[in-house]
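Everything on this sheet refers to the single structure shown next.
The values are calculated or read from the model by the stated rules, or taken from the named source; none is laboratory data. Note that the structure is predicted; figures quoted are calculated from it, not measured. Glycine also receives a Cβ, built like all others from the backbone with ideal geometry; neighbour counts cover every protein chain displayed.
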Amino acid sequence: MFDTLSDRLTSVLTNLRGKGRLSEADIDATAREIRIALLEADVALPVVRGFIKGVKERAKGSEVSQALNPAQQVVKIVNEELVTILGGETRRLELAKTPPTVIMLAGLQGAGKTTLAGKLAKWLSGQGHTPMLVACDLQRPNAVNQLQVVGERAGVPVFAPEPGNGVGDPVQVSRDSIEEAKRAQHDIVIVDTAGRLGVDEEMMKQAADIRDAVKPDEILFVLDAMIGQDAVTTAEAFRDGVGFSGVVLTKLDGDARGGAALSVREVTGQPIMFASSGEKLEDFDVFHPDRMGNRILGMGDMLTLIEQAEQAFDQEQAEKAAEKLGTGQLTLEDFLEQMQAVRRMGPLQNLLGMLPGAGQMKDQLANFDEKQLDRIQAIIRGMTPAERADPKIINASRRQRIARGSGVTVGDINDLVNRFFEARKMMQRMAGQFGGFGGGGGGS
Ligand code: GDP
């Protein structure tokens, strides 16, 4: 699921890499590509519109992070907008203050309600709850039996009308089940209801009657992510007919385009709470909008890098350094600070490895010696503040002292000091040519 969408988004955003600056035209072109990718994935049109508007406004707006380059910023914005349409925060089950908590399942036939009942029950048992399943799908032959099989696999009891009592009244069964749960001390009741292949009035009415009888704490609308465009209309019908407090996406293991499922939260206003991704009881999890967003964007490593860069980045320090660069006043102290800021993001080897396209650099990376950086840091730390500000004043005997103190040779110190002077001279020359650089402006 989402593979095609994921590939498309990744390639659109990868095209931005290497651009030092994004023009309005770049952003518009990118937004257009994203729009096509979303529409092709079956995301509902109003959702696509809102998404694109958000991305454009933010990418063109004043939201400029000094820690990120323009391409990274767009990736970040797209990722955040994706997480937003998926619901933002993870939504947990609301448990009743006085048990039993009643969870009612609603959805079309074949959506995966019965299977979900078992998954949910098993998951809740694992957390120390004592759930009970209730068979209120009395329409479909074999539905009760199917729930019993599922209950057995999940190791939880199933409340169902006695066989031989005719078809039975699902509303009465649901009502009785609450009494039974109280008696047998089940703290959670999961009510499986009937579904039809298409939405119809009778089914809605029955679901609404069950709802009124058991007053559920949660009504979960179970949605087959494979049904494509119909997902949105079905969700709307259930919202209007029964109402629900959360959505469960099923069959996420399928190869449908999945975009309709991406629209359901935005269209109905209710959060996706669980995801089901297979026929086994274990193929089930709490739905985390952020993780799903990252998965869809398929740029997990890039996003990690962005997060780390933002955390490690100290705006004030960087501006100070940029200003000094412009006037050629950089000191070893600044150099040390910058180096520490970069290293706070983790070992350089990992850092570089996360950059897209770093593949070819793998060999060089493997030989990169982090100890060299340790050595440079140790040398600078061994200097006095005055020496860091102006390394010219470090005479021969001080060089020997610093070398002894930091476990390096005098040659290492000479190397560092000479390279520093050269770098500073070059910056002064460039500053003269270009009238200064840095001092704020787009980060990189
Ligand atoms: P119900 O009519 O809503 O109760 O749906 P069922 O629970 O009977 O599920 C209908 C079919 O979908 C069954 O064959 C299930 O095994 C299958 N199914 C349910 N959930 C998933 C899932 O997450 N992935 C896959 N691949 N199949 C599922």
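Worth pointing out:
- Picking from residues in the stretch 88-104 that are surrounded by 22 or more Cβ atoms within 10 Å (Cβ to Cβ) and within 29 Å of the chain's Cα centre (by Cα), the one that is farthest from the ligand (Cβ to nearest atom) is Ile103.
- Conditions (1) away from the ligand (no atom under 14 Å from the Cβ); (2) modelled with pLDDT of 95 or more: number failed by Leu262: (2)
- Elements of type helices (runs of 4 or more DSSP H) in the stretch 369-430, at least 2 residues being over 24 Å from Gln329 (Cα atoms) and in the same structural domain as Leu332 (by TED's automatic domain parsing): 370-381, 396-406
- Here the helices (runs of 4 or more DSSP H) wholly within the stretch 196-270 that include at least 3 residues being without any contact (Cβ under 8 Å) to a residue 40 or more places away in the chain and surrounded by 15 or more Cβ atoms within 10 Å (Cβ to Cβ) are 201-214, 230-241.
- Residue match in the stretch 28-42 (condition: under 24 Å from Ala309 (Cα atoms), in contact with a Ser or Thr (Cβ under 9 Å, 6 or more places away or on another chain) and without any contact (Cβ under 8 Å) to a residue 40 or more places away in the chain): no
- For the stretch 172-188, a residue qualifies if it is out of contact with any Ser or Thr (no Cβ under 6 Å at 6 or more places or on another chain) and not basic (Lys, Arg), and the qualifying residues are Gln172, Val173, Ser174, Asp176, Ser177, Ile178, Glu179, Glu180, Ala181, Ala184, Gln185.
- Subset of the stretch 215-238 [among the acidic types (Asp, Glu) and within 12 Å of the ligand (Cβ to nearest atom)]: Asp224
- All conditions in (1) more than 30 Å from Leu297 (Cβ to Cβ); (2) surrounded by 17 or more Cβ atoms within 10 Å (Cβ to Cβ); (3) of a type outside the set (Val, Ile, Thr); (4) touching a residue at least 40 places away in the same chain (Cβ under 8 Å) hold for Gly151, with the sole exception of (4).
- Only one of Gly118, Gly107 that is touching a Phe, Trp or Tyr at 6+ places or on another chain (Cβ under 7 Å), modelled with pLDDT of 90 or more and within 11 Å of the ligand (Cβ to nearest atom): Gly107
- Looking across the stretch 186-200, the residues that are away from the ligand (no atom under 14 Å from the Cβ) and over 18 Å from Leu147 (Cα atoms) come down to Asp187, Asp200.
- Scoring Gly18 on the criteria (1) out of contact with any helix residue (DSSP H, G or I) (no Cβ under 7 Å at 6 or more places or on another chain); (2) at pLDDT 80 or above leaves a single failure, condition (2).
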